[in-house]
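Nothing in this text is a laboratory measurement; each read-out follows from the coordinates by a stated rule. Not measured: the values here are computed from a predicted model. Ideal geometry is used to build each Cβ from the backbone, glycine not excepted, and the neighbour counts take in all protein chains shown.
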Amino acid sequence: MQLEKSIIEETNHQQQAAHQRKFDFVAEDINGLDTILKKLEDFNIAIPSWALGTGGTRFGRFSGGGEPRSLEEKIEDVGLIHALNRSSNSISLHIPWDIPSNAAAVKAHAAQLGLHFDAVNSNTFQDQASQELSYKFGSLHHVDKAVRKQAVAHNIEVIKYGVELDSKALSVWLSDGSNFPGQLNMRGAFERTLESLQEIYEALPADWKVWVEYKPYEPNFYSTTIGDWGQSYLLSSKLGNKAQTLVDLGHHLQGANIEQIVSLLLMEGKLAGFHFNDSKYGDDDLTVGSINPYQLFLIFNELVEGMDARGMNHATAIGWMIDASHNVKDPIEDLIQSVEAIKIAYAQALLVDTPALVQAQQNNDVVQAQEILQHAYRTDVRPLLAEARLRAGGALDPLALYRKQAVRNQLIAERGAKAVSTGL
Ligand code: AOS
Ligand code: ZN
Ligand code: ZN
């Protein structure tokens, strides 16, 4: 299904007066308002194809119904989100969950909804029915050259699908690791991973990147071969300019200073981008900003400062994507909330008084530095986001409109209460 533009316009019209009051109140104190609004309008976050269905844990999965049954329906769902928020103009596909058998048609369908294709993701963390050799003991790091060869070939096949869709990056997350001490030689595992990644790297088109994601544990619980940003950075440095490190916010041990990691990767030109989510304990894949929105703001503060220092375009220089699992929420509602939370953090970071902060840091004025950051963080920027959406043709309040139109019920009527999406 698609949302009629007239419905969005009509609802916006009804909400206009209330919006204007809130917008005028916050806008009055903001310097460079139009520049900020333009940056917000330009800022889009990619939606992963695997986040449109209900997620689950190893204990169960409780579908809410109306899930997309095909790649076409996944694209439609992203189209719905984008129509509402005008901030989700791309989709990141996962192979083999979403094989684009007719790439031209898939691309045309997406384009009609204002969408393009973000990074393509390979999968060597599961065995597929058609697969000859098992990944039970790893893929790119496997001790058996034949398994590594199969995994390399899969990644090269994913690049080929991506080329057909005009993607520009291959995103690699490996579950390779060990469950018990002694199970593998860590140096050997790293060297074999590097060698496999080098073969994949060789297959990248000139204007492509490979994004190397790290994760400290799960599904392996003793060691992970690309376990942290240092290991990913080491690999991406050895590989070359087309390789960068991808930061998934949930892939850190508790207490890690993610903003510092981000700042240094950015400084080195090695920050590929993000998988946004939030967590309380580990890779919980909760809605972005639901647990620790201040940390999200601090990450964006480093990003804005670091990108400006390098003259980078905020919207396009790195990859912005959500990677979350919606176990108890309607996936579309969760994604609307996630995009909003990311843009709130971004808008707050844009409000930081940088010259004053530099001055405070120079003077070792710790109190003033904290005041400056928290002043920006505590500003209610939601009316700015709403205004940017309005200017871009989206809904003033995407979530409210989604509910008012009973979109999920319409999707259930169309696809059935038991429709199950491909994915984890
Ligand atoms: C796994 O924990 C990672 O976050 C992956 O980025 C992602 O969830 C996976 O690649 C889905 O395919
Ligand atoms: Zn991820
Ligand atoms: Zn993850």
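How big is the convex hull of the Cα atoms of the chain, per residue, in Å³?
Here the figure is 144 Å³ per residue.
Which aspartates and glutamates, if any, have their Cα less than 12 Å from the Cα of Lys74, not counting same-chain residues under 8 positions apart?
Counting by Cα, and skipping residues close in sequence, Lys74 has these aspartates and glutamates nearby: Asp98.
Let me know the charge dipole size of the chain about its Cα centre in debye, to the nearest 20, where only the beta-carbon of Lys, Arg (+1) and Asp, Glu (-1) is charged.
Result for the chain is approximately 640 debye, rounded to the nearest 20.
For the chain, modelled as a GNM with alpha-carbon contacts under 10 angstrom, which of Leu253, Leu84, Leu357 fluctuates the most?
Fluctuation is largest for Leu357.
As a quick test, which of the pairs Lys39/Lys107; Lys168/Lys280; Lys329/Lys418; Lys22/Lys280 have an alpha carbon distance above 22 angstrom in this structure?
The answer is Lys39/Lys107; Lys168/Lys280; Lys22/Lys280.
Given labels modelled 7 Å from the Cα in the Cβ direction, how far is it in nm from Arg378 to Asp34?
Here the modelled spin labels are 3.2 nm apart.
Given R₀ = 41 Å, what would the calculated FRET efficiency be for Gln295 paired with Ile99, taking r from the Cβ atoms and rounding to 0.05?
So the FRET efficiency works out to roughly 0.65.
Find how many whole Å separate the alpha carbon centroid of the range 277-343 from the alpha carbon centroid of the range 213-230.
21 Å
Give me the aspartates and glutamates in straight-line cross-link reach of Lys209: C-alpha distance below 18 Å, same-chain residues under 8 apart excluded.
Asp118, Glu157, Glu164, Asp166, Glu195, Glu199, Asp248, Glu268
Kindly rank 14-24, 182-192, 46-56, 163-173 from highest to lowest mean number of other beta carbons found within 10 Å of each residue.
The packing order, highest mean first, is 46-56, 163-173, 182-192, 14-24.
Summing Lys, Arg as +1 and Asp, Glu as -1, what charge do residues with Cβ under 12 Å from the Cβ of Ala189 carry, Ala189 excluded?
For residues surrounding Ala189, the net value is 0.
Once the piece of chain linking Gln131 and Met307 is laid out straight, how much longer is it, given 0.36 nm per residue of separation minus the C-alpha distance between them?
59.1 nm
By how many nm would the segment from Val420 to Met186 lengthen if fully extended, with 0.36 nm per residue of separation less the alpha-carbon distance?
Going from the current span to full extension adds 80.4 nm.
If I take R0 = 41 Å and measure r between the Cβ atoms of Glu9 and Arg69 in this structure, what FRET efficiency does the formula 1/(1 + (r/R0)^6) give, to the nearest 0.05?
With a Förster radius of 41 Å, E is 0.85.
Kindly provide the helix-only [θ] at 222 nm of the chain, computed as the sum of -39,500 (n - 2.57) over DSSP H runs of four or more divided by all residues, to the nearest 500 deg cm²/dmol?
-15000 deg cm²/dmol
Determine the relative contact order of the range 5-415: mean sequence separation of Cα pairs under 8 Å and six or more apart, normalised by residue count, in whole percent.
Relative contact order of the range 5-415: 20 percent.
Calculate, in nm to one decimal, what Gln260 and Asn363 gain on full extension: separation in residues at 0.36 nm each, minus their alpha carbon distance.
So the chain would gain 35.0 nm between Gln260 and Asn363.
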